[in-house]
Every structure is written in C-alpha cells, then in structure tokens.
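Peer 1: Can you read through this structure? Questions will come right after.
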Amino acid sequence: MVLHTAETDASHAVLVERRDHVMILTMNRPEARNACNQALWLAGGRALEDAENDPEIRVVIVTGAGDQSFSAGADLKAIARGEAIVPNDPVEAGWGFAGIASHAISKPIIAAVNGTALGGGTELALACDLIVATEEADFGLPEVKRGLIAGAGGVFRLPRQIPIKLAMEIILTGEPISAAQAHALGLVNHVVPRTELMETALTLAERIAVNAPLSVQASKRIALGIENGNIAAEEEHWQRSRRESQGVRQSEDAREGPKAFAEKRAPVWTAR
C-alpha cells in the first residue's frame, strides 16, 4: 500500500510505501536512471526523518524504480545545466547524497539494489546496513572518470567494508564490479534473480522487525558509533572529503567531466 509520495516542486521523487513495520523508499526517476537531483535529495532525507520518528517503523528498504538502475549517482546533466543538487538548508544538506548518505538513523536500512549502482548509487549502498542485489547489478565509483571525487562517503567507506587493495583498485580505476564479485568480497549480503529481489529484502527486513525494536536500534548505534544522529568516527573523513571535493570542483577538469558526459564524448583532461 502506497501511503504517500514525498514531493518537492512538481516531482514525485521518492515513493514511500509501508508494509507492516517496514518502510520502502523507492527512488522514482527511472527516466534518469534514478540519478539524484535536489528533489530526490530532499524527498529521500525527509522520508528517512519520517521513518526515524515513527515508532511503528522498524526497518527501511531503499530501492530504485525501473529495472535498469538502483541509482546512476549524481545527475550530471543537471550539473552541466548549472542546477544545484545540494539543498541550501544546512540540515538538509547534512543528510548527504540523496538525503541518505550521511543521514545516520537508528532504524536498520537495507539497500535493494535493482540494477546499476554507480557513483552515488554505490555510496548509497555503502551507507546502508545490509545489501541485497540482483544478479545484473554492478557497483563502482567512476567519479575519477568525470573529473570528480566520490564525495558521498565512497572513498572512505569502501576501504572499511572490503579489503583495502581491492577498494583502491575500484576507487582509482573507476571501473565497476559485478554483484557476484561484490558478494564474494563481503560487500553484498545476498545476490538473487531480479524477480526475487523485493521478496528477499522484505524477508530480511521481517527477520529484523520481529526483534525488540529498541534493542535493534541500540545495537545499530553501538555497532556504528552513532551519537546524536552522527557517526563520530566518520566526522574527520567527512571534513577531509568536503575539503578535497571543494578543491576538485573548482578545477577545469571538474567542468570538463560532466560536460563531456553530457556531450557523449571522451573528456580532455588538463590537470587544472
């Protein structure tokens, strides 16, 4: 049952569905492969706030609309048009990419990765507590191919979630890995056929939801070091990531990357 659609402007950016004690958030921009614009950022963050403040919600599932992409990351075409993706409000901006990446809530979050999860898509999955993926899904941080940095936590979370040498290969080459490879590395909990994705994610969510909710939430906070809605151990990483990202964003290469992507041509780097 769809309860409501989180809206910003005229966009139905995130569909919100509730099944018993589980909230399902569906990024709803399939025409853009669920790439994140500001509307999606705000809708995702507000939905997580609703989940955290609703005592009846015990688990959140995040997935993407359509059968091609979980999320293609930042909407580079919107960036090339000069559109702002990050909200102006500092609290909303602090939620991180898609309103989720640095939005630490106590309710467990499962990523149901229904297809390609590149850039911010991988970073969203890394921000979740568990990952279920289709056999066709892939993961990667291609920002270096676009003159950008994986600034939504990918460059410091990936080396903490898989062996560092393999993480560095993914980060520095910008090349993707398959769902099967991600599972072998321990990044993904379950890889299933597409038709079984949501059933598997819901079954996993229900296995969590039958437990005492306060115990589950306290356990997550302890495991991740969450205090007052932040993961204290990550704060230094976020500060460094913001500093480095700001420097890169001001470069000529950062303008060239999205422009070349939008024009469907190879970028010409100048290291300036």
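Peer 1: Hey, does segment 203-222 have a residue that's under 19 Å from A127 (Cβ atoms), without any contact (Cβ under 8 Å) to a residue 60 or more places away in the chain and of a type in the set (K, R)?
Peer 2: no
Peer 1: So, one more: Do we find a residue being over 15 Å from H12 (Cα atoms) and among the polar types (S, T, N, Q) anywhere in segment 44-59?
Peer 2: We begin by selecting, within segment 44-59, every residue over 15 Å from H12 (Cα atoms); these are 48-59.
Still in the list and also among the polar types (S, T, N, Q): 53.
Yes.
Peer 1: From the residues in segment 22-40 that are assigned to a helix (DSSP H, G or I) and either among the β-branched types (V, I, T) or open to solvent by 20 Å² or more (accessible area, probe 1.4 Å) (or both), which one is nearest to V113 (Cα to Cα)?
Peer 2: The residue in question is P30.
Peer 1: Something else about it: Which one of the conditions (1) modelled with pLDDT of 95 or more; (2) aliphatic (A, V, I, L, M); (3) part of a loop (DSSP other than H, G, I, E, B); (4) open to solvent by 20 Å² or more (accessible area, probe 1.4 Å) does A84 fail to meet, given that it meets all the rest?
Peer 2: Status for A84: all satisfied but (1).
Peer 1: For segment 222-272, give me each residue that is assigned to a loop (DSSP other than H, G, I, E, B), surrounded by 14 or more Cβ atoms within 10 Å (Cβ to Cβ) and β-branched (V, I, T).
Peer 2: Correct list: empty.
Peer 1: Right, here's the next one. Search segment 51-74 for residues being touching a strand residue (DSSP E or B) at 6+ places or on another chain (Cβ under 6 Å) and not small (G, A, S), and hand back the single one that is farthest from E31 (Cα to Cα).
Peer 2: Looking at residues that are touching a strand residue (DSSP E or B) at 6+ places or on another chain (Cβ under 6 Å) and not small (G, A, S), I get I57.
Peer 1: Ok, one more. Find the residue count for segment 206-262, including only residues that are over 28 Å from P108 (Cβ atoms) and hydroxyl-bearing (S, T, Y).
Peer 2: Residues meeting the conditions: 2.
Peer 1: On the given criteria, is S219 open to solvent by less than 90 Å² (accessible area, probe 1.4 Å), at pLDDT 85 or above, in a helix (DSSP H, G or I) and in contact with a helix residue (DSSP H, G or I) (Cβ under 9 Å, 6 or more places away or on another chain)?
Peer 2: no
Peer 1: Identify the residue in segment 183-209 that is more than 15 Å from T63 (Cβ to Cβ) and assigned to a helix (DSSP H, G or I) and, among all such residues, is most open to solvent (accessible area, probe 1.4 Å).
Peer 2: R207
Peer 1: State the number of residues belonging to segment 48-81 that are farther than 21 Å from H21 by Cα, open to solvent by 70 Å² or more (accessible area, probe 1.4 Å) and assigned to a loop (DSSP other than H, G, I, E, B).
Peer 2: Residues in segment 48-81 being farther than 21 Å from H21 by Cα, open to solvent by 70 Å² or more (accessible area, probe 1.4 Å) and assigned to a loop (DSSP other than H, G, I, E, B): 3 in total.
Peer 1: Could you check segment 94-173 for helices (runs of 4 or more DSSP H) lying wholly inside it with 1 or more residues that are buried (at least 24 other Cβ atoms within 10 Å of the Cβ) and not hydrophobic (A, V, I, L, M, F, W, C)?
Peer 2: Values: elements: 120-127, 154-161, 164-173.
Correct list: 120-127, 154-161.
The values are calculated or read from the model by the stated rules, or taken from the named source; none is laboratory data. Just so it is clear, the structure is predicted and the values come from calculations on it, not from any experiment. FYI the Cβ positions are ideal-geometry reconstructions off the backbone, even for glycines, and counts take in every protein chain you see. We work out accessible area using only protein heavy atoms, side chains counted, and drop any ligands, DNA or RNA first. Shrake-Rupley method; radii C 1.70, N 1.55, O 1.52, S 1.80 Å.
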